[in-house]
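Read the figures in this text as sums done on the coordinates, not as results from a lab. All of these numbers come straight from a predicted model, not from anything done at the bench. FYI the Cβ positions are ideal-geometry reconstructions off the backbone, even for glycines, and counts take in every protein chain you see.
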Amino acid sequence: MSDPTKPFGQSDIVRLNDEDATVALLERAVTGLWDVVNELTRLRRTTRQNYRVTIFGSARLRPGSFAYESVKKLAAELTKMGCDIISGGGPGIMQAANEGAYSADPEALQRSVGIRVELPFEQKVNPFVGLAYEHRTFFSRLHHFMIASDAFVVVPGGIGTLLEMSLAWQLLQVRKLYNTPLILVGKMWTELVDWGRREMLKKDNELANELVFTIPHCVNTIEETVALIRENRATWLAAQASPSPDGTV
């Protein structure tokens, strides 16, 4: 008489009523999918036409505010220089970035990019986004920002902006990103970096090293920001003209 506990046919099936085996299978499958995603996102074009600047900042700041108008001016200057502008695609500083790009080159909508995330309370994509990407999770959206950007500009913002800035800083620290300026604009970020130095570099209780705090460029003006990006873009353009055999810069 056959053993009723043995599966009929395929010997490696996992029954749904075996919760531990089902969970283990799902975990292996999801891990495998992430391996595929990680492999695919290593791909880069050998050359690209435009240098891409991502601008992070608050969704709460309104048109007419000093920060909004400053970011709009910054994005316009960078677009005229030949940069594409990437934002989170929503209101506030995100809209200011896209509006600035649009004002400088209204015929090239694909140069004003928005990388969005689905939220139940989030406003629609702002009207100045020419090319929009939609994500269901913050995780995939943040990853998209990281692999799409040649420079990051961080202006005043809240917890979301802090998250975006921290991820870029971390990836630059561990050299998962290279030659990608992280530019922090304004007093609030300078004070944050100063706090980090003060609290994380205490003698005999170091939580970081001094090199970590040389990664961000703390500036106060649009002119300083433009100058830093102009310098890095010149290096990028030279690398585009003569890429290394493995495609790295």
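Taking +1 at the Cβ of each Lys and Arg and -1 at the Cβ of each Asp and Glu, which of Phe145, Ala108, Val53 sits farthest along the dipole of the chain towards its positive end, judged by Cα position relative to the Cα centre?
Result: Ala108, furthest along the dipole toward the positive end.
Taking just the alpha-carbon atoms of the stretch 127-195, what radius of gyration and Dmax come out, in angstrom?
Cα only, the stretch 127-195: 12.9, 38 Å (Rg, Dmax).
Between Asn209 and Ser166, what FRET efficiency follows from the Cβ-Cβ distance if R0 is 22 Å, with the result rounded to 0.05? Show your work: numbers first, answer last.
Numbers: r = 17 Å, r/R0 = 0.77.
Given R0 = 22 Å and the Cβ-Cβ separation, E is 0.80.
Using Cα extents along the principal axes in Å as the read-out, say which of (i) 52, 47, 36; (ii) 85, 56, 46; (iii) 57, 39, 37 was calculated from these coordinates.
The listed entry that was calculated here is (ii).
Quote the FRET efficiency, to the nearest 0.05, computed for Glu223 versus Trp34 with a Förster distance R0 of 41 Å and r equal to the Cβ-Cβ distance.
Approximately 0.45, to the nearest 0.05.
Label points 7 Å out from Cα along the Cβ direction at Arg42 and Ile159: separation in nm?
Label at Arg42, label at Ile159, 3.6 nm between them.
By how many degrees, between 0 and 90 and to the nearest 10, does the Cα long axis of helix 159-173 differ from the longest principal axis of the chain?
The angle comes out near 80 degrees.
Just to be sure I understand: with springs between alpha-carbon atoms less than 10 Å apart, which residue in Ala59, Ala101, Ala29 has the highest mean-square fluctuation in the Gaussian network model of the chain?
For the chain, modelled as a Gaussian network with Cα springs under 10 Å, the answer is Ala29.
Taking every pair of Cα atoms in the stretch 77-179, average 1/r, invert it to obtain the Kirkwood radius, and report Rg/Rh to two decimals.
0.95
Cut-off under 12 Å on the C-alpha distance; same-chain residues fewer than 8 positions from Lys202 excluded. Which aspartates and glutamates are left, in chain and number order?
Counting by Cα, and skipping residues close in sequence, Lys202 has these aspartates and glutamates nearby: Glu210.
With a 10 Å cut-off between alpha carbons and a GNM built on the chain, which of Pro106, Pro120, Pro63 moves the most?
Pro120
What is the gain in length, in nm to one decimal, between Ala148 and Leu109 on full extension, counting 0.36 nm per residue of separation less the C-alpha to C-alpha distance?
On the way: separation 39, 0.36 × 39 = 14.04 nm, distance 1.69 nm.
Stretched out fully, the Ala148 to Leu109 stretch lengthens by 12.3 nm.
Return, for the Cα atoms of the stretch 175-249, the radius of gyration and Dmax in Å, separated by a comma.
Final numbers for Rg and Dmax: 15.9, 47 Å.
Taking the mean number of other Cβ atoms within 10 Å as a proxy for protection, how do you rank 160-172, 128-140, 201-213, 76-88 from highest to lowest? Walk me through the intermediate numbers first.
Details: 160-172: 17.8, 128-140: 15.5, 201-213: 10.6, 76-88: 23.2.
Going by the mean number of other Cβ atoms within 10 Å, highest first, we get 76-88, 160-172, 128-140, 201-213.
Determine how many Å³ per residue the convex hull of the Cα atoms of the stretch 46-100 encloses.
Working: hull volume 3.4 nm³, N = 55.
Once divided by residue count, the hull of the stretch 46-100 is 62 Å³.
Using the Karplus equation 6.51 cos²θ - 1.76 cosθ + 1.60 (θ = phi - 60°), what ³J(HN,Hα) coupling, rounded to whole Hz, does each residue of the stretch 222-227 give in order, writing x for Gly and Pro?
Along the stretch 222-227, the couplings run 4, 4, 5, 5, 4, 4 Hz.
List the lysines whose Cα lies under 27 Å from the Cα of Lys73, skipping any in the same chain that are fewer than 8 positions away.
Lys124, Lys187
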